[in-house]
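Remarks on the structure that follows.
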Amino acid sequence: MISTVVLSTGLALILIGVWGMLTHRNILRIVIGFSLMGTGTHIFIVAIGYVANGTAPIMDRALNVAEAPARAVDPIPSALVVTAIVIGLAVTAIMLAYAIRLYDSKKTLSIDAFTESKW
Amino acid sequence: MAELIGSLLVLAGAVFHFSAGLGMLRMPDAYTRMQAGTKASTLGNTLVLAGLAFYHPSWTLKLVILICFVLMTNPVSSHALARAAYRIRISMTPQTVVDALRDAPERIRGRS
Amino acid sequence: MIRRAAIVLAVALFGLVFANLAAHYAERQSLLPLAKRYVELVPRDLGAANVITGILLTYRAFDTLGEVAVLFMVAAGVGLVLAARGRRNESSPGEAPEPPRPASEIVQTGAQMLVPLIAIFAAYIIMNGHLSAGGGFQGGAVIASSVILLLLADPHRRLDLDFLSYTESVAGVLFVLVGVAGMIVAGGFLDNRVLPVGQFGAFFSAGAIPVLSILLGIKVGCELSVIIDRFRPELSTERGSQ
């Protein structure tokens, strides 16, 4: 039940991000939509690893070593998502650098002004 | 009994967070949106953390420190945003009557 | 009109696929065999209490090294894309950029109070990588956020880019050297048993994982600070020195 709710939240965020990227004309809002889509994907991936009535795979007072394989949540999607967050940051940084250069050339942030690639 | 008080406080905090989101959507210009977002969400944070302190009394000191951190950081960042918005001359809604920064002496205003 | 219809169609199709995914999802009742092996192996062999950090810094440490390389490429790429900006502005002196104005007093005072606290918090996160939730990447990002606060509070401050690039190179080289030591002394590249595994849950335990976390945190913090520094406008006094 919990993981279905979290899964649906992640998928809803992906949908909102895709809609935002397609609708807006301002470059910065497109970048925000991309970032939302990335966050939704990360939430979705972590939600897949949930085991029913499980807890985090960290052995402290709440979870001791002997009962960990029965009660811990899958650690592999979380490890993948740590990497994915850093890559998402990297792509966002490059997109923002491109946005700055685009603004320098045409003095506007609307992508309707950049028609050189249109035929 | 303690759980009831804690639940009521968390509920009040959630109501304030919701009103922060609603205010950010419905307010007319950038400054009022920033005000709604910061004030309501900081108070919502404080109430939720205070409600948690009733649920887990052993965490009270840590939660009080957390509330202090939130009070230190949230208003400072909102102030920086609002000053930056004023300096690049984002327009105010015509219902604004007082502009205290325009009438302030040069020493306080900086160069803007 | 057609564009709007196409957008609605695309989002609706995505929504259909996602609804299908969410409807046919059933929670797992037990771990996958690979995950079960990891959860059993990490506390026993590596001595780390945090399974995810054990995976990221020993079993999948090569991916972490590749990710550090990705961050380095991003810093270089952002520098390349934004470097041509300064030179282009020199050749067209139409509008000179305004000199950065000092921050208001509230931001300066707040920064003075907060930067030490943020730095302590970052160190806490890094050192807790093997004990509880935390790790090198997370702590490095928090260090970079303290650098952002410094730059916001004092726009005239120039970061010592030589020191940052030297530090991050040294941290990267040390990371690889610990890995090579793993090949020589212990099981394989970036094996964490080069240092004694120690007592489970103690502060200095889990072999080389704290050392790797610290190096990773330093490297990531310096990388992100350099990336952020590239986004600032060129200060007018700097152009003459280039």
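How would you rank B:LYS39, A:LYS106, going from fewest to most other Cβ atoms within 10 Å of each one's own Cβ?
A:LYS106, B:LYS39
Based on the inverse mean of 1/r over its pairs of different Cα atoms, what is the Kirkwood hydrodynamic radius of segment B:2-90, in Å? Provide the component values of the computation, followed by the final result.
On the way: mean 1/r = 0.0717 Å⁻¹.
Taking the inverse mean of 1/r over all distinct Cα pairs, segment B:2-90 comes out at 13.9 Å.
Using only Cα atoms and rounding to the nearest 10 degrees, what angle (0 to 90) does helix C:105-127 make with the longest principal axis of chain C?
20 degrees
Rounding to the nearest 20 debye, state how big the charge dipole of chain B is about its Cα centre with +1 on each Lys and Arg Cβ and -1 on each Asp and Glu Cβ.
Charge dipole, chain B, about its Cα centre: 480 debye, nearest 20.
Quick check: the angle from helix B:60-87's long axis to the longest principal axis of chain B, C-alpha only, nearest 10 degrees?
Between the helix axis and the principal axis of chain B, the angle is about 20 degrees.
At 7 Å along the Cα-to-beta-carbon direction for both A:THR23 and B:ARG87, put a label point, then send me their distance in nm to one decimal.
Taking the two extended label points, one gets 3.4 nm.
Rounded to the nearest 0.05, what FRET efficiency do C:PHE62 and A:THR4 have when you use their Cβ-Cβ distance and R0 = 41 Å?
So the FRET efficiency works out to roughly 0.75.
What percent does the relative contact order of segment C:33-241 come to when contacts are Cα pairs within less than 8 Å and at least six residues apart?
After rounding, I find 30 percent.
In 5 Å bins starting at 0, how do the alpha-carbon pair distances of chain A split up by percent?
Going out from 0 Å in 5 Å bins, chain A shows 2, 11, 15, 16, 15, 11, 9, 7, 6, 4, 3, 2, 1, 0 percent.
Be a star and scan segment C:130-159 for residues whose amide nitrogen sits under 20 Å from the point 7 Å along the Cα-to-Cβ vector of B:ALA104.
Within reach of a label on B:ALA104: C:152-156.
Using a 7 Å offset from the Cα along the Cα-to-Cβ direction at both C:ASP162 and C:LEU34, what is the distance between the two label points in nm, to one decimal?
Here the answer is 4.7 nm between the modelled labels.
Inside 10 Å of the C-beta atoms of C:29-39, what's the mean count of C-beta atoms belonging to other chains? Each step should come with its number before you reach the end.
Numbers: counts 4, 6, 13, 4, 0, 2, 10, 5, 1, 7, 13.
Averaged over the peptide's residues, the number is 6.
Mind checking which of C:LEU149, B:LEU25, C:GLN138 is farthest towards the positive end of the protein assembly as shown's charge dipole, using Cβ charges of +1 (Lys, Arg) and -1 (Asp, Glu) about the Cα centre?
The residue sitting farthest along the positive end of the dipole is B:LEU25.
What ratio of Cα Rg to 2.2 N^0.38 Å holds for the protein assembly as shown?
1.09
Shape call for chain C from the C-alpha gyration tensor, a ≥ b ≥ c root eigenvalues: rounded (a/c under 1.5), prolate (a/b greater than b/c) or oblate?
Because a/c hits 1.5 or more and a/b fails to exceed b/c, chain C counts as oblate.
Which FRET efficiency value, to the nearest 0.05, is calculated for C:ALA133 and B:ASP29 with the Förster distance at 35 angstrom and r the Cβ-Cβ distance?
0.30
Rounded to the nearest 20 debye, what is the charge dipole size of the protein assembly as shown about its Cα centre when +1 sits on each Lys and Arg Cβ and -1 on each Asp and Glu Cβ? Show your work: numbers first, answer last.
Details: 37 positive and 29 negative charges, 217 e Å.
The calculated dipole for the protein assembly as shown is roughly 1040 debye.
Quick one: dipole size for segment C:33-241, taken about the Cα centre, charges +1 on Lys/Arg Cβ and -1 on Asp/Glu Cβ, in debye to the nearest 20. Provide the component values of the computation, followed by the final result.
On the way: 15 positive and 17 negative charges, 73 e Å.
Once rounded to the nearest 20, the dipole reads 340 debye.
Once the Cα atoms of helix C:136-153 and of chain C are each reduced to a long axis, what angle between those two axes, in degrees from 0 to 90 to the nearest 10, is obtained?
Around 20 degrees separate the two axes.
Would you calculate, for chain B, the mean residue ellipticity at 222 nm contributed by helices, counting each DSSP H stretch of 4 or more residues as -39,500 (n - 2.57) and dividing by all residues, to the nearest 500?
Computed ellipticity for chain B at 222 nm equals -26000 deg cm²/dmol.
Just want the ordering: A:TRP119, B:TRP59, A:TRP19, from fewest to most Cβ atoms lying within 10 Å of their own Cβ. Before the final figure, lay out each step's value.
Numbers: A:TRP119 3, B:TRP59 13, A:TRP19 19.
Ordered from fewest to most neighbouring Cβ atoms within 10 Å, A:TRP119, B:TRP59, A:TRP19 come out as A:TRP119, B:TRP59, A:TRP19.
Where in segment A:101-116 does the amide nitrogen come within less than 19 Å of the point 7 Å from the Cα of A:THR92, taken along Cα to Cβ?
Counting only backbone N, you get A:101.
Here, each number is a calculation from the coordinates, and none is a lab measurement. Please read these numbers as outputs of a predicted model, since none were measured by experiment. Virtual Cβ from ideal backbone geometry, glycine too; neighbours counted across all protein chains shown.
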